[in-house]
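Below is one structure, written out as structure tokens; comments come after it.
Derivation of every value follows stated rules applied to the coordinates shown; laboratory data play no part. What you see is a predicted model; the values in this text were computed from it and never measured. With ideal geometry, Cβ positions are generated from the backbone for all residues, glycine too; neighbour counts draw on all protein chains shown.
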Amino acid sequence: MPIGVFDSGYGGLTILNKIREAMPEYDYIYYGDNARAPYGGRSFEVVYQFTLQAVKRLFEMGCPLVILACNTASAKALRSIQQKDLPLIDPEKRVLGIIRPTVEVIDKITKNNHVGIFGTPGTIASNSYPLEIAKLSPEIHVSSEACPMWVPLVENNEFENEGADYFIKKNIDNLMNEDSEIDTVILGCTHYPLLFSKIREYLPDNVNIISQGDIVAESLKDYLKRHPEMDNRLSKNGECRFYTTESEDKFREMASVFLNHDVDAKHLSVE
Ligand code: DGL
């Protein structure tokens, strides 16, 4: 029984990479809803319906545990799926998001309690990061910036080109103008690690950048240690399968940009 990893598109591959580095012995199924990405500008209801469909499919493929490797889905769909759907579908299965584990480490990284969040319009509008941070670390002052162009730059493989600089600089300036004391920023979208070098270039040198891959991998490892009943259900042959709702060729081509190696992908219809 593999671990399911879901994202709207390719961004979740940055999380999958880090999880596989930390836990290479496990089996995984990656599901990218590439035909309907990006999710960032979509309504709560639509993101919830699309995410629920993917989670159900990953359950049907045998995954007892699904990671929403997507902030937008974690922000907009996770709670409803955990509270409303899971008890009806199968109370023994689990769906985990990636916002909570990120928020849990933030107080150890910021030195002056001024934190900035970059995310999709959907993640930022949901207010999930400020709300979760307020619960765990109320002393932290949070500023947020929605970056509607960052995911399309990555999905269209334009992230290393000059056009990307304009949008990256603009959103960074907006955030730093809102709070010039920020010493730590969270890349609150799984696509953003591909923009890391440009983000580093435009952010002041003293600002730490947190990307989620290692944090999520550590948190999953810890979860499985604390839940041996789940760990015992997971198969460990070191295999990974890929599914996409877009064309297999397109997925293979783009996934190799994220993973630095070739993969085989199988098509799934969105219907
Ligand atoms: N990679 C996703 C995230 O972490 C969302 C990208 C999108 O579909 O807009 O938010």
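Looking at segment 84-114, which of its residues are away from the ligand (no atom under 16 Å from the Cβ) and in a loop (DSSP other than H, G, I, E, B)?
Those that are away from the ligand (no atom under 16 Å from the Cβ) and in a loop (DSSP other than H, G, I, E, B): ASP90, PRO91, GLU92, LYS93, THR110, LYS111, ASN112, ASN113.
Specify the residue that is nearest to SER126 (Cα to Cα); the eligible residues are those in segment 40-80 that are in contact (Cβ under 8 Å) with a residue 40 or more places away in the chain and of a type in the set (D, E, K, R).
By that ranking, first place goes to LYS76.
Listed residues TYR166, TYR192; which is over 22 Å from the mean Cα position of the chain (by Cα) and among the hydroxyl-bearing types (Ser, Thr, Tyr)?
Unique residue meeting the criteria: TYR166.
Considering only segment 186-198, how many residues are more than 19 Å from MET254 (Cα to Cα) and surrounded by 24 or more Cβ atoms within 10 Å (Cβ to Cβ)?
So the count comes out to 3.
Can you say whether TYR28 is surrounded by 19 or more Cβ atoms within 10 Å (Cβ to Cβ), more than 10 Å from the ligand (Cβ to nearest atom) and within 21 Å of ASP231 (Cβ to Cβ), as far as the supplied structure shows?
yes
Based on what the data block shows, is CYS63 away from the ligand (no atom under 16 Å from the Cβ), crowded, with 19+ Cβ neighbours inside 10 Å, on the phi < 0 side of the Ramachandran plot and not hydroxyl-bearing (Ser, Thr, Tyr)?
Here the answer is yes, as CYS63 does meet what is asked.
Considering only residues that are touching a strand residue (DSSP E or B) at 6+ places or on another chain (Cβ under 8 Å) and assigned to a helix (DSSP H, G or I), look in segment 38-71 and name the one that is nearest to ILE210 (Cα to Cα).
Among those that are touching a strand residue (DSSP E or B) at 6+ places or on another chain (Cβ under 8 Å) and assigned to a helix (DSSP H, G or I), it is ASN71.
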